[in-house]
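Have a look at the structure below before the remarks.
The values are calculated or read from the model by the stated rules, or taken from the named source; none is laboratory data. Keep in mind it's a predicted model, so treat the numbers as computed, not measured. Cβ atoms come from the backbone with ideal geometry, glycine included; neighbour counts cover every protein chain shown. For accessibility, only protein heavy atoms count, side chains too; no ligands or nucleic acids. Shrake-Rupley method; radii C 1.70, N 1.55, O 1.52, S 1.80 Å.
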Amino acid sequence: MCGIVGYVGYREACPILLKGLKRLEYRGYDSAGVAVINKDGNLNVYKCKGKVSSLEEFLDGKDYSGNIGIAHTRWATHGEPSDRNAHPHYSQSGQIALIHNGIIENFRVLKDALIQNGYQFKSSTDSEVLVNLIEYIRKENDCCLSEAVRLALKQAVGAYAIAVIEKGNPDQIIAARQSSPMVIGIGEGEYFLSSDAASIIDYTNDFAYLNDGEIAIINKNKPLEIKTLENETSNLDIRHLELSISQLEKGGYPHFMLKEIHEQPNTIIDCIRGRINPDTAEVKLSGVELNKDKFLQAGRIIFVACGTSWHASLIGEHLIENLCRIPVEVEYASEFRYRNPIIRSNDVVIAVSQSGETADTLAAVELARKAGAFVYGICNAVGSSIARATDSGTYIHVGPEIGVASTKAFTGQVTVMAMIALAIAKEKGTISTERRQAIAKSLLELPQTIKKVLETDKMVADLSKIFTYAHNFIYLGRGYNYPTALEGALKLKEISYIHAEGYPAAEMKHGPIALIDAEMPTVVIAVPDHTYEKTVSNMEEIKARGGKIIAVIAQGDSHARKSADYTIEIPTTDECLMPVIVSIPLQLMAYYIAVYKGRNVDQPRNLAKSVTVE
Ligand code: F6R
């Protein structure tokens, strides 16, 4: 979703801004722009529809010099993707430029008031209203820029991360946030600003995170100042992050998605590092250990999440109910936040989010906290809003995920959930030590098992060619692998734009079987578990109706092979960890079908990596 980059210091701003925008491209966007103040004090704004590369072409031959600037990639919410709706927006007098992520919900009221005061608007955006409101307040109150921003934001309702610069003020950027990420990179006599620390990691490892309702006054060569909307001084929340540039690059793969699929043996090593003792096979998670009582007394665990993280949560439900015997509910964060849910003080709410910035999940966290529940986070992005808003949590530590389709985050989330379930099960004594240690050993072996399953890459690529022209797919699985089927279907639809639906295999008879014919391939997950035989019977029912079956089965399983047209044979692990293994060939299949269809795999249409608005 929209991305922000800013710079003030002694270097040329534009190259830093463009490089930062490119690092944010994975978030998804439809237009891009920059505003810079040059040495003569002119505020130059350049913006256009399309990619950052189109912006670079547009800048060719123009004056984009200057040591201060702000830049933006826009993902349309108000007004179509176009040059005029692209950011930065500048005020009527041309004195102030602003970039904005989020939505100003009351922009119509504010706009009408500004029109009555003689303002005219060039775009259809809510953001242009904000920049003019800042200018209007600045003139009316004869106040400084930061005060005008503060007073304007006090009138604004909604979500935002903004950065503002002003002609005649070439050493200062004002930034603010409310429910949308914003981080300030601290250098020597210079500052960098971004919606994601990864985009400015080349320049610094020290970052100040803005909290909701805070405004940063960023002056070159001066200490950073943070205020609240109530005009009180805030403490700086500075963190040191270790992220390497190689983690952000494609490393020889044609797409980030393929790189991230193949990274999974290593990301799972990072995810379990220091958390399972290889000698004793005991799990040690400080988040669970420090909050043992909350988990032991939990009447219920409620997962809140969206998309792929919601699918991982469904697997978490199986893990925790099976291993810890605590009732679990899994909620779409977007539904949970608006349906007046019953939340009790002995509920543990687990928010699952790769980015840690998903607006609905963040709102669900806030709701749960207000209701008195203990809120635990499972996030990937360190220092993200959800990670900071939760009472405690466990990072999945799989490194930055750049491809829009989530892959390594999903397997990291399931792995963390398995460790959480084992840690709670130990405290509760709900499973035997032998069973606990057997699962922990399988977790330790998971990276090797993933390496083996990745050997199917070439075979899955060939198989995918056969199905590239299908218009619809059904994915079936049961138990732990019903959510894996949902996730397989989601991967396929989001990057190949092929319609795909996931079902519990036994549900076939209750409707979807009517869809089966030779044109409708069915992907069946038929790996050894307690419903295996029933799933094989479901395959027979599909075959009997002329359907084509691609079955994901255990290596050497000749029984299931007989009921399938094509098989992907994979190594096995403990039943409760099989979703990690099964999901990988499904990720590969979605990837190759999308590549054969010529889709933009890393940045599929209409999708954003980090959904920071509702
Ligand atoms: C799908 C995908 C999305 C995200 C969802 C939640 O591949 O990536 O469905 O899982 O938008 O995002 P996070 O996990 O960042 O909260």
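Looking across the range 591-611, the residues that are within 15 Å of the ligand (Cβ to nearest atom) and either open to solvent by 30 Å² or more (accessible area, probe 1.4 Å) or in contact with a strand residue (DSSP E or B) (Cβ under 6 Å, 6 or more places away or on another chain) (or both) come down to Arg599, Asn600, Gln603, Arg605, Asn606, Leu607, Val611. Applying the condition of being over 36 Å from the mean Cα position of the chain (by Cα) and without any contact (Cβ under 8 Å) to a residue 12 or more places away in the chain to the range 101-117 and asking which residue is nearest to Ile137 (Cα to Cα) yields Ala113.
Val404 fulfils the conditions (1) among the β-branched types (Val, Ile, Thr); (2) part of a strand (DSSP E or B); (3) within 11 Å of the ligand (Cβ to nearest atom) except for a single criterion, (2).
For the range 561-587, the set of residues classified as open to solvent by less than 10 Å² (accessible area, probe 1.4 Å), out of contact with any strand residue (DSSP E or B) (no Cβ under 9 Å at 6 or more places or on another chain) and more than 14 Å from the ligand (Cβ to nearest atom) consists of Cys576, Leu577, Val580, listed by residue number. Screening the range 100-117 for residues that are open to solvent by less than 50 Å² (accessible area, probe 1.4 Å) and not in a helix (DSSP H, G or I) and picking the one that is nearest to Ala35 (Cα to Cα) gives His100.
Quick one: in the range 89-99, which of the residues that are open to solvent by 70 Å² or more (accessible area, probe 1.4 Å) and without any contact (Cβ under 8 Å) to a residue 60 or more places away in the chain is nearest to Tyr136 (Cα to Cα)? Break it down into steps so the answer makes sense when it comes.
Let us first name the residues in the range 89-99 that are open to solvent by 70 Å² or more (accessible area, probe 1.4 Å), namely 90, 92, 95.
With the extra rule that they be without any contact (Cβ under 8 Å) to a residue 60 or more places away in the chain, the set shrinks to 90, 92.
Details: Tyr90: 12, Gln92: 9 Å.
The qualifying residue nearest to Tyr136 (Cα to Cα) is Gln92.
Each residue in the range 13-49 was checked for being part of a loop (DSSP other than H, G, I, E, B) and under 28 Å from the mean Cα position of the chain (by Cα), and 4 pass. Could you look through the range 407-416, keep only residues that are more than 12 Å from the ligand (Cβ to nearest atom) and under 11 Å from Ile272 (Cα atoms), and pick out the one that is surrounded by the fewest Cβ atoms within 10 Å (Cβ to Cβ)? Taking the candidates together, the pick is Thr415.
What do you reckon, is Thr456 open to solvent by less than 40 Å² (accessible area, probe 1.4 Å), touching a Phe, Trp or Tyr at 6+ places or on another chain (Cβ under 9 Å) and touching a residue at least 60 places away in the same chain (Cβ under 8 Å)? Before the answer, list the steps.
Values: open to solvent by less than 40 Å² (accessible area, probe 1.4 Å): yes; touching a Phe, Trp or Tyr at 6+ places or on another chain (Cβ under 9 Å): no; touching a residue at least 60 places away in the same chain (Cβ under 8 Å): yes.
In short, no.
Of all residues in the range 374-393, those satisfying the criterion of being more than 9 Å from the ligand (Cβ to nearest atom), open to solvent by 10 Å² or more (accessible area, probe 1.4 Å) and either under 11 Å from the mean Cα position of the chain (by Cα) or touching a residue at least 40 places away in the same chain (Cβ under 8 Å) (or both) are Phe374, Val382, Arg388, Asp391, Ser392, Gly393.
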